[in-house]
1. List the helices (runs of 4 or more DSSP H) that sit entirely inside the stretch 139-211 and contain at least 1 residues that are under 29 Å from Val446 (Cα atoms), over 14 Å from the mean Cα position of the chain (by Cα) and of a type in the set (A, V, I, L, M, F, W, C).
2. Just one of (1) at pLDDT below 95; (2) among the small types (Gly, Ala, Ser); (3) closer than 22 Å to Arg532 by Cβ trips up Gly65, so point out which.
3. Answer with yes or no whether Arg348 is in contact with a Leu (Cβ under 7 Å, 6 or more places away or on another chain), outside the structural domain of His68 (by TED's automatic domain parsing) and among the basic types (Lys, Arg).
4. Going by the structure shown, is Ser271 assigned to a strand (DSSP E or B), touching a helix residue (DSSP H, G or I) at 6+ places or on another chain (Cβ under 8 Å) and not β-branched (Val, Ile, Thr)?
5. Being buried (at least 21 other Cβ atoms within 10 Å of the Cβ) and part of a helix (DSSP H, G or I) is the filter here, so list the residues in the stretch 295-304 that pass it.
6. Go over the candidates Lys471, Lys526 one by one and state the one that is part of a helix (DSSP H, G or I) and within 22 Å of Val200 (Cα to Cα).
7. Return yes when Gly292 is modelled with pLDDT of 95 or more, part of a loop (DSSP other than H, G, I, E, B) and either farther than 28 Å from Gly171 by Cβ or of a type outside the set (Ser, Thr, Tyr) (or both) and no when it is not.
8. Can you tell me which residue among Lys386, Lys370 is crowded, with 22+ Cβ neighbours inside 10 Å, within 20 Å of the chain's Cα centre (by Cα) and among the charged types (D, E, K, R)?
Amino acid sequence: MSASTRRSVLRAGAAAAVAAPAAAYAAPRAHAAPRPAAEAAADGAFGPVTVRPDDPRYASLRLRGYNHRHASHPSRIRLVGTTADVVRAVADALRTGRRVAVRSGGHCFEDFVDRPDTDVIIDMSGMRDVGYDPARGAFVVEAGTTLAEAYRRLFLGWGVTVPGGTCTGVGAGGHVAGGGYGALCRLYGLTVDHLYAVEVVVVDRSGRARSVVATREPSDPHRDLWWAHTGGGGGSFGVVTRYWFRSPGASRDAGPGDLLPRPPATVLTYSLTWNWADLDEDAFGTLMRNYGRWGERNSAPGTPAAALYGEFAMTPSPSGPLGIAGQIAADDTAARRLLDDLQGALTRGRGVPQPERQAATLPWLTATLKNSGADATPFDARMKIKSGYRRRGFCADQLTTLYRGLTDPAYDNPFGSVFVNTYGGQVNAVSPGATAMPHRDSVFLVGFLNGWLDEAEDERQLTWMRELYGKVYARSGGVPAGADDSGTFINYPDNDLADPAHNTSGTPWHTLYFGEDGYARLQRAKERWDPRNVFHHGLSVRPLT
């Protein structure tokens, strides 16, 4: 199993424990409005279901989050099937004074859902509908839908897609709210760049729960709520129940097949792999400098190389692999030429051997879903992640730190990785303030991911990652706050950024995630839509008052 595949397995989560039967997607259909509760039992709609600790379903639902470093013991888990179910679940929690948290795909790396004071979990896995909504001229995706199901339904039904993540077990609820990126983002931008509307169950100042639909229309009085869900992260404003997607510039009167990007018929999947044993420190530095220069040259909007997406993963194991894997969304001739150019760029200079190369042309949907069966982690997996956006490649002292940290014989963990993913392209064609995702000038997204099974390993594994990350960003206070950095990714949440013991940069965690101006806008939205701070966690947007 390659380092990239191991990382994909760790990043993906267990499939939903309880799921609504999927509606047939062979025939496109219009999306129906949420059914009143009185109709739900009559037409067989999923939920609502309340599961308490004495219920045999409780253990499966309580442990559905895939990072078992965090745990909760809620007094009840509410499985919902409609927006009305969510409104009632939130109202019931408020009436009884219980802290409520929301779970969509269950892929959060931090304790936003699973923490000791969580008393009610609203489980969205029963809301998984995908369809075309003619009333809004947009495609609707419910929050509990996995990316795999969204891709499958949109493509087979209408020949379109949204540029979302490569770990297809992730739920739409949190993925979209945090920005959403993946293999097509360099061609088509982020998931939120195509977000037209969002439905959210919010709580007003009087304590009343209600649903609100907010759109990107300039005349919409709720537009600030839409904007907050274009990169502001989940768990800050309310419970997202549904998203609507229509690309900017697409007419609502166009046919459904013209409302979102059409993926290519085929893509070239590829991997270029080296072994640590074949690279000394100088050769590693040359390889990674070459990769940095390639990214700097090939990440402008509209460049032909934007069709190439890659994840350069480095396993912390002296005997393990490192290399880049991904897909190229172009015709086979052009795709193989781009791969040849990448390989030539990476191996330029002395000491870098030719990699083991694999490449195969696959139908787009097959390539996109090929790891869906691996979207599960060991039941007791424990994890930690950190991230950083880069405007250019790593400098010499950072590469030295990475090489020595990743090849330290005292540390060997095949379930860890430092990855450097291609970014930019069409992502950088959008102005920073157009969405709540401000990182619009980066060419790489860097991640530090670690996984392990034994609780006794917690201190050792966390210490290794914190020390490596802190040393890589030593010049900017242990976090990505330097001139070559552009902050961090909220969907790779890291509570350490809010801890002055780990962040000595003087740059607050919320500026790293949202930018200074962006966070101020998010706070104003928080004050309006969640003034009682009902929805909160360690890195949630704080109210102004």
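The values are calculated or read from the model by the stated rules, or taken from the named source; none is laboratory data. Keep in mind it's a predicted model, so treat the numbers as computed, not measured. Please note: Cβ atoms are built from the backbone with ideal geometry, for glycine as well, and neighbour counts cover all protein chains shown.
1. In the stretch 139-211, 147-158, 185-188 are the helices (runs of 4 or more DSSP H) which contain 1 or more residues that are under 29 Å from Val446 (Cα atoms), over 14 Å from the mean Cα position of the chain (by Cα) and of a type in the set (A, V, I, L, M, F, W, C).
2. (3)
3. For Arg348, the condition - in contact with a Leu (Cβ under 7 Å, 6 or more places away or on another chain), outside the structural domain of His68 (by TED's automatic domain parsing) and among the basic types (Lys, Arg) - is not met.
4. yes
5. Gly295
6. Values: Lys471 fails: within 22 Å of Val200 (Cα to Cα).
Selected residue: Lys526, the only one of Lys471, Lys526 that is part of a helix (DSSP H, G or I) and within 22 Å of Val200 (Cα to Cα).
7. no
8. Lys386
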